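A short reminder: the numbers here are calculations on the coordinates, not readings from a lab. Since we're looking at a predicted model, the values are computed, not measured. Ideal geometry is used to build each Cβ from the backbone, glycine not excepted, and the neighbour counts take in all protein chains shown.
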Amino acid sequence: MSGYYRDGEWVSAVVGGPTESTEEVEQAIADATHRIESRESTTRQELKELLARYPSLKKDTPHNPLTPLMRMFADEVMGVLYQE
């Protein structure tokens, strides 16, 4: 079984496959989060690009690395994000 430890917990639902590394996907998500927080992009646009580039993120897994972005997306849609 493949996986890794994150925050002391075994993550067996490794995102990626023969063409995607887990580290690459997690770095892309971190970069997207940074662009959203610095208002260089929107969550909607970043999610669209990430899902197109990394189709394995579409799988419903218990430890999906997109979870923080989905929360940001919900805030964006509800108008919470970007309020000054």
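Want the number for Q45 to V77: 0.36 nm per residue separation, take away the alpha-carbon distance, what's left?
Contour length minus the Cα-Cα distance gives 10.3 nm.
Label E37 and N64 with points 7 Å out from Cα along Cα→Cβ: what is the distance between them in nm?
The answer from the label model is 2.2 nm.
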